[in-house]
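The values are calculated or read from the model by the stated rules, or taken from the named source; none is laboratory data. Fair warning: this is a prediction, and the values are worked out from it, not measured in the lab. FYI the Cβ positions are ideal-geometry reconstructions off the backbone, even for glycines, and counts take in every protein chain you see. Just so you know, the surface numbers come from the protein's heavy atoms only, side chains and all, with ligands and any DNA or RNA stripped out. Shrake-Rupley method; radii C 1.70, N 1.55, O 1.52, S 1.80 Å.
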Amino acid sequence: MVHRRTMTYILLLILCAPSLAGARANSPAYLLSHPDAQEAPTGQKWIAPREGKPFFVVGANYEGASDRAWVMWEDEQFDIDVIEEDFAKASSVGVNTLRIFVQKPLRDDILAGDFSKLDAVLGLARQYNLWIILTFTDWPEPDLQRAADLNRRIAEHLAAEPSILAYDTKNEPQFTDVAGAIFPSSVSPVPLQSADTIATYGERIPRASIGEYRRGEGKNIIPARMTDDQAYLMANYYKLYLEFLETSSAWVGSHTGTNTIDYMDSPDSASWWPFLNAIDATLLAWNNVQMDPVRIADPGRLVTTGYSNMILARMPSNGALSFHSVHRFTSHGAAGLNATFRVLDGLQRAFPGQPVMLEEFGYPGQVSSSGGGVTGFDPRTTANLESAVWAYLYSKGFAGGAKWMLNNFTQGYDPAQNSYGLFDNSDQPKLTAYALRQLSDMVLRSSPGTMLPTVRSDDNYAASYAYTARGVLVAGGKAYTATDFTYTSAAPSQVVMTNMSGTLTLFSTDVSTVTLNLPGAFGVPVDKLSKVTLIGLDPQGQPWTPPVPALNGDWLKINLKPLYKYRLFVMPRAIERAEARIDPDSVYFPQVGHNLSDEFLRYWQTYGGIPIFGYPLTEAFHENGYLVQYFERNRFEYHPENSPPYDVLLGRLGADYTADRVYPGVQPFASEPNHRYFPETKHSLNYAFLGYWERNGGLPLFGYPLSEEIREVSPTDGREYTVQYFERARFEYHPEYQGTDAEVLLGLLGVSALQGKGWLP
């Protein structure tokens with residue numbers, strides 16, 4: 001019998017089937033060899049796993065299934081089948097990283113030498129190609145030596161575990177956790193457990209009054225374990241901390257568009273610098289006690305601390321972390337979004353060249369209302385705001401983010417905490433999960449773009465914003481207008497458009513109307529088009545035929561249904577069979593029904609003809625502002641701005657065809673006659689392929705190698721060959737022709753490019 005929840009996730013995987021290639025590509029194995037072309041913006045950094053390449057974290061926090069959040073490790077609650085279903089859910093919506101927590105039941109198992117639960121969960125992470133950020137301490141633990149011993153045990157056990165991205169020492173430490181910690185004698189006294197800084201500012205609570213303070217105002221601040229001498233220090237530093245918060249709040253209130261981080265960086269806070277330095281030195285010791293054993297036990301593994309306290313997050317000693325992790329939650333609306341962005345920007349400025357990750361963020365589906373009861377929020381608003389956060393993180397070079405949280409929590413007392421999930425109480429994806437699936441695919445397939453600087457308020461607590469990149473648009477709100485694209489919606493929604501390899505895809509979280517300028521979108525004048533085709537997938541991933549869109553001049557109008565995915569193809573008349581031209585500078589190929597003329601004919605004849613380029617598959621036509629012509633193995637482009645012979649250039653079809661693939665490079669070596677290393681792409685060229693490359697045009701014709709030799713099934717004849725990709729070609733090795741000119745043949749990349757556009761079957 002198929003478990004009901006298992007059946008749900010089978011259906012979910014079907015729903016996301018068009019994007020599953022992207023989900024698989026999000027695996028740790030993939031990310032370890034992420035293409036160099038896909039990097040954070042200049043000057044910013046993504047997280048690089050141990051022995052791996054940087055990548056953008058699309059994460060979620062995982063506390064357990066919706067009916068057992070925060071108790072998932074308890075013996076009677078731990079269910080690896082349920083956890084597997086959740087990991088499948090996470091992968092299906094584009095999540096590549098999960099943050100999980102060591103809680104007391106798991107701690108007790110580990111201290112007893114039992115790692116079976118943790119090992120089982122990490123086995124699922126490997127199975128579903130998910131990275132794991134493991135947070136060590138998710139409970140109050142003042143004894144740092146005890147925490148360090150637990151951390152060391154875990155790190156020693158997991159030193160060879162490939163799914164671990166990073167260790168997080170503690171979830172959301174606060175000032176009292178750091179100031180009141182029990183430090184090992186080897187690092188005592190730390191500044192916040194010494195009276196020196198009190199002397200600088202003066203007593204806030206006299207020593208004689210500490211007993212009264214402990215019984216009254218400070219009873220929830222001063223731990224019972226502290227002596228009165230310790231309590232005296234803790235009370236005075238806590239009072240100073242509150243005064244700093246008050247002063248900072250007043251400064252921020254009088255300086256529009258600022259926050260506490262800005263105050264800390266301002267000369268106006270100079271009087272507080274001795275106190276802030278004391279906090280920083282204490283925090284450094286607090287972190288080091290817990291991290292040093294981890295670094296020894298598991299060398300090279302990343303370590304971080306998950307801060308919700310912006311003062312602690314800004315401390316300079318955090319420069320010793322592998323990356324910076326901040327938690328940020330604000331009220332719905334554009335004002336909260338912009339406030340989050342300012343905090344992130346402040347940390348990025350404070351730690352230039354170091355990764356900064358938004359480790360927890362999200363918007364609940366409901367909150368407690370002031371008069372009792374619950375106030376709900378439109379799911380479209382949540383999708384809108386969270387998509388804006390993802391777009392901002394990607395565009396600004398942050399290391400990524402982790403949604404709070406994967407699942408709703410059905411048994412909690414807090415309406416907000418119960419409703420943060422990507423998945424609802426019935427384990428179905430929310431609108432924000434559907435939007436995340438599209439954004440995760442965008443991250444895989446395009447380099448970071450630009451978030452337009454204005455994020456404005458829209459209806460229903462949503463925001464109006466836009467993110468643009470080459471071939472990508474993510475727009476939120478009720479309307480957006482650009483040169484070649486507009487959309488309108490009755491309610492704030494998300495529209496995601498990608499235009500890659502001649503295929504335009506559209507997705508919206510609500511009913512929307514899109515208008516496209518066809519020449520602008522496809523580079524082909526409308527009067528040169530033969531056919532416009534629109535196909536779709538319904539929310540379950542099944543083929544669906546949309547209504548015929550309306551064409552008005554150059555503009556095509558498409559009505560989008562929520563959660564449906566649309567694909568638009570346009571076909572130029574140049575693809576149709578043509579009549580032979582009567583022209584001495586033209587050759588007609590009856591085999592394919594196309595002419596080859598003028599500069600393109602001369603280039604074709606000079607540089608290889610049929611063996612190198614194949615037959616023409618189109619007539620010459622204008623695409624993206626250039627006269628082009630497609631051949632079986634490439635595309636010619638006419639550039640009149642260049643002098644001959646560079647007025648005809650070859651298209652980078654090999655680079656286009658492999659844009660979302662992964663080909664690990666090789667270690668540099670000294671080139672020799674049968675082996676050549678290319679530092680430009682970190683790839684090599686060897687034996688027969690090297691000889692063919694050198695004899696038939698080399699770099700100008702084929703470009704640099706983009707892969708090593710690999711085994712691959714040919715999309716043309718279905719047979720497996722040894723192949724190698726180049727910027728402008730695919731080489732295929734045919735051992736059956738060894739010793740002849742056909743030993744190496746060129747792949748039909750021109751055919752593949754036209755098939756990708758929908759112009760050939």
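Reported to the nearest whole Å, the Cα centre-to-centre distance from the range 313-390 to the range 669-745 is 48.
Ordered from largest to smallest accessible area (heavy atoms of protein chains, 1.4 Å probe), the residues K557, K219 come out as K219, K557. Can you tell which of Y626, L337, V511 lies farthest toward the positive end of the dipole of the chain, using +1 and -1 charges on the Cβ of basic and acidic side chains (Lys, Arg; Asp, Glu)? So the residue we want is V511.
So which GluC sites (Glu not before Pro) in the range 72-120 pass both tests, a DSSP loop state and at most 11 other Cβ atoms within 10 Å of the Cβ? Here the sparse-neighbourhood loop sites are E76. Given Cα pairs under 8 Å that are at least 6 residues apart, what percent is the relative contact order of the chain? Rounded, it is 10 percent for the chain. Qualifying GluC sites (Glu not before Pro) in the range 673-761, where qualification requires a DSSP coil assignment and no more than 13 other C-beta atoms within 10 Å, comprise E680. A simple rule links phi to the HN-Hα coupling: the Karplus curve 6.51 cos²θ - 1.76 cosθ + 1.60 with θ = phi - 60°, which for the range 568-577 gives 10, 10, 10, 10, x, 5, 5, 7, 6, 4 Hz, with x for Gly and Pro. Remark: relative contact order (the range 602-672) = 18 percent; criterion is Cα-Cα distance under 8 angstrom and separation of 6 or more residues. Neighbours of R204, meaning other residues whose beta-carbon lies under 11 angstrom from its beta-carbon, give a summed charge of -1 when Lys and Arg score +1 and Asp and Glu score -1.
The alpha carbon centroids of the range 163-222 and the range 231-293 are separated by 13 Å. Beyond 26 Å, what share of the Cα-Cα pairs of the range 635-761 is found? Please give it as a whole percent. Every Cα pair in the range 635-761 considered, those over 26 Å come to 24 percent. Separation of the alpha carbons by more than 24 angstrom is noted, of K53/K396; K396/K561; K53/K682, for K396/K561.
When the Kirkwood radius is taken over all Cα pairs of the chain, what Stokes-Einstein diffusion coefficient follows at 37 °C and 0.692 mPa s, in µm²/s? Rounded, D is 113 µm²/s.
Near T135, the amide H atoms lying under 5 Å from its own belong to I100, F101, V102, D168; only residues 5 or more places off or on other chains count, and H is placed 1.01 Å from N. Sequence-distant contacts, meaning Cα pairs under 8 Å at least 6 residues apart, place the relative contact order of the range 595-722 at 14 percent. Looking at the chain alone, DSSP beta bridges between its own residues are antiparallel in about 75 percent of cases. Sorted into 5 angstrom bins from 0, the C-alpha pair distances of the range 44-189 split as 2, 8, 18, 21, 20, 15, 10, 5, 2, 0, 0 percent.
Only Cα sites of the range 213-281 enter the Debye sum here, all with the same form factor; the resulting log10 I(q)/I(0) across q = 0.14, 0.15, 0.17, 0.20 1/Å is -0.53, -0.59, -0.70, -0.84, listed in q order.
Counting Lys +1, Arg +1, Asp -1, Glu -1, what net charge surrounds L748 among other residues with beta carbon under 9 Å of its beta carbon? My count for the surroundings of L748 gives +1. About its Cα centre, the chain has a charge dipole of approximately 780 debye under the convention of +1 per Lys or Arg Cβ and -1 per Asp or Glu Cβ, with nothing else charged. Of the listed pairs K104/K430; K219/K239; K239/K403, which have alpha-carbon separations greater than 24 Å here? Beyond 24 Å between Cα atoms: K104/K430; K239/K403.
Each part gets one Cα centre, and for the range 633-660 versus the range 523-594 those centres are 22 Å apart. Could you name the aspartates and glutamates in cross-link range of K557, using Cα to Cα under 13 Å and dropping any fewer than eight places away on the same chain? The reachable aspartates and glutamates, counting only those whose Cα sits under 13 Å from K557, are D484. Residues in the range 213-221 carry Karplus couplings, in order, of 4, 5, 7, x, 4, x, 5, 9, 9 Hz; the curve used is 6.51 cos²θ - 1.76 cosθ + 1.60 with θ = phi - 60°, and Gly or Pro positions show x. Just to confirm the filter: which chymotrypsin sites (Phe, Trp or Tyr not before Pro) across the range 617-648 are DSSP coil and have at most 16 other Cβ within 10 angstrom of their Cβ? Sites meeting the loop and neighbour criteria: Y646. For the range 456-539, the Cα gyration tensor yields ellipsoid semi-axes of 25, 14, 11 Å (square root of five times each eigenvalue, largest first, whole Å).
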